[in-house]
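Working notes, structure below.
The values are calculated or read from the model by the stated rules, or taken from the named source; none is laboratory data. These figures come from a predicted structure and were not determined experimentally. For neighbour counting, all protein chains shown are included, and Cβ atoms are generated from backbone atoms with ideal geometry for every residue, glycine included.
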Amino acid sequence: MVRTRIAPSPTGKDVHVGSVSTALMNYAWAKKNDGQFIIRIEDTDQTRLVPGGEKRMLETLEAIGLHADESPLVGGPYAPYRQSERLAVYKKHAEELVQKRKAYYCICKPERLDEMRKKQQAVKQIPKYDRYCYFHQEEIKNKIVKGEKYVIRLFIPNKKIIFNDLIRGQIEVEGSNLDDQIILKSDGYPTYHLGVVVDDYLMKITHVIRGEEWLPSTPKHIVLYEAFGWSLPLFAHVSLLRNPDKSKLSKRRNPVWTSEYLEKGILPEALLNYLSLMGWSHPEGKEIFSLEEYVKIFDIKDVQKTAPVFDPVKLEWMNGEYLRKLKVQSLKLKVLGFIGKNYPEGIVEKTIPLVQERMKKLADYLPLCEFFFQAPATWQVDLSGKKDFFNRVVGVLEKVNTWKATAIGEAMQKLAKELNIKNSQFFMDLRVAITGKRISPPLNESMEILRKEECLERVKKLT
Ligand code: GLU
């Protein structure tokens, strides 16, 4: 039975697009193998928690369709799925390692550790704890009984640590280069290393698919698995997303939070499709495919090591492709959901065919179509000297009886000819009069939707 998980820490606004890309692989791998996808919240670093972050993260993952089989929201056989509710489990396991002499109590004060680090750095040694407490455990235990504060450190053996990564191959690290990692803090909380290993084991996770930033931690995890006598899950560390200029994705350049893309009107299905191409490609070179298809053909062994480029411009292009494929009715509903129900549904429906080709995201709708709901109050071109011209336009428009795009267009072209004004000039002035803007959806069709009285009113304003 394949069981995968994501183990996010709620330390940001909601969920980072990079985490969604990793979540997607975990989800696909579980579903492809009829397994389970789990969400576990790693909230043991209480100093970094962002209030409301967990709720928004879980809601966003739900909104984009990455439903978990087990999570703090839906529960499951290995609940609780929030680490801050599992402190007793970690303590018990840390104590078990102390019993086995695979870990030890340490009561060294920060001042001593600081001094030690400085001395080691001065002689160019890797800063490492000197194991004073390991060699004096009985004495330390006595002090702890009397109330001394302590941490528990993992004893890292002096040997080669070897493990296999499904994406990166065999990895070897010298244990002697690693510090005896703290696994239980003095406040009773586990560090990431203990929490992640205990939970992945107890929750029967078979594949740990996570970002490459956790690769340096994995040797410590291997030591922990060995210390407990547990068998290892399979590991796969995926490369981090990069900006098009190859720099690390950071919020200074582009939005990194998933909600920010959804708030612009990127469709969840387009976002998932785009993110599925991060580090993986469709065997037939296809760019647009459904989540269902992805789940069927995804294989961890096909994930590339090279850093994938996350390009918001390409994402918008792809989203535009998704919007164009929608039926008018369904795009209308999405647009209404996005702009709010105060806009008249009938008008929105009529305008959709005029702008569907031009929209890349739902947020593009209103800037293109605002003039259907509100007469312009400003005009992008100065029309003040054109009163006579607009008087003539009013005269002709008043006589158009069947208010249809073709009839409007014909009448206007005829007038342009009569006045000897170039079509481009004529329709630009009329467009700005009606819409306020130099660029708009097709004008005659727009005027038909706006209705005769409204168009006349807008043009008369300029006479
Ligand atoms: N809590 C880690 C994070 O915030 C999880 C790393 C892992 O998947 O092991 O991403």
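Taken over the range 273-304, the residue count meeting the criterion of being at pLDDT 95 or above and basic (Lys, Arg) is 2. Filtering the range 397-408 to residues that are touching a Leu at 6+ places or on another chain (Cβ under 8 Å) and buried (at least 16 other Cβ atoms within 10 Å of the Cβ) leaves 397, 408.
Restricting the first member to the range 328-353 and to residues that are among the polar types (S, T, N, Q), and the second to residues that are part of a loop (DSSP other than H, G, I, E, B), the beta-carbon pairs closer than 8 Å and six or more apart or on different chains are 351/441.
Yes/no per residue for (1) touching a residue at least 60 places away in the same chain (Cβ under 8 Å); (2) hydroxyl-bearing (Ser, Thr, Tyr); (3) within 14 Å of the ligand (Cβ to nearest atom):
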residue	(1), (2), (3)
18	yes, no, yes
21	yes, yes, yes
26	yes, no, yes
56	yes, no, no
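Results for (1) among the aliphatic types (A, V, I, L, M); (2) surrounded by 18 or more Cβ atoms within 10 Å (Cβ to Cβ); (3) within 22 Å of the chain's Cα centre (by Cα), shown as yes or no for each residue.
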| position | (1), (2), (3) |
| --- | --- |
| 14 | no, yes, yes |
| 30 | yes, yes, yes |
| 37 | no, yes, yes |
| 63 | yes, no, yes |
| 72 | no, yes, yes |
| 112 | no, no, no |
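Being touching a Leu at 6+ places or on another chain (Cβ under 6 Å), of a type in the set (Ser, Thr, Tyr) and more than 30 Å from residue 264 (Cβ to Cβ) is a description that applies to residue 90. Filtered by the rule that a residue be closer than 18 Å to residue 24 by Cα and either touching a Gly at 6+ places or on another chain (Cβ under 9 Å) or more than 9 Å from the ligand (Cβ to nearest atom) (or both), the range 191-232 gives 205, 206, 207, 211, 212. Applying the set (1) more than 15 Å from the chain's Cα centre (by Cα); (2) away from the ligand (no atom under 14 Å from the Cβ) to residue 46 leaves exactly one unmet item: (2). Checking the range 132-147 against the condition returns no match, with no residue being within 37 Å of the chain's Cα centre (by Cα) and either surrounded by 16 or more Cβ atoms within 10 Å (Cβ to Cβ) or touching a residue at least 12 places away in the same chain (Cβ under 8 Å) (or both). Taking the range 375-391 as the range and being of a type in the set (Phe, Trp, Tyr) and over 51 Å from the mean Cα position of the chain (by Cα) as the test, only 389 passes.
Taking the criterion of being touching a residue at least 40 places away in the same chain (Cβ under 8 Å) and of a type in the set (Val, Ile, Thr), the residues of the range 172-213 that qualify are 173, 182, 183, 191, 196, 198, 205, 206, 208, 209. The set of residues from the range 1-16 being within 18 Å of residue 236 (Cβ to Cβ) and either more than 10 Å from the ligand (Cβ to nearest atom) or part of a strand (DSSP E or B) (or both) comprises 1, 2, 3, 4, 5, 6. Against the numbered list (1) assigned to a helix (DSSP H, G or I); (2) touching a strand residue (DSSP E or B) at 6+ places or on another chain (Cβ under 8 Å); (3) aliphatic (A, V, I, L, M), residue 232 comes up short only at (1).
Checked against the criterion of being in a helix (DSSP H, G or I), hydrophobic (A, V, I, L, M, F, W, C) and touching a Pro at 6+ places or on another chain (Cβ under 8 Å), the candidates 57, 25 yield just one match: 57. Applying the criterion of being more than 12 Å from the ligand (Cβ to nearest atom) and more than 24 Å from residue 79 (Cα to Cα) to the residues of the range 233-245, the residue that is surrounded by the most Cβ atoms within 10 Å (Cβ to Cβ) is 241. If you check residue 202 against the conditions, is it of a type in the set (A, V, I, L, M), closer than 24 Å to residue 68 by Cβ and surrounded by fewer than 18 Cβ atoms within 10 Å (Cβ to Cβ)? Here the answer is yes, as residue 202 does meet what is asked.
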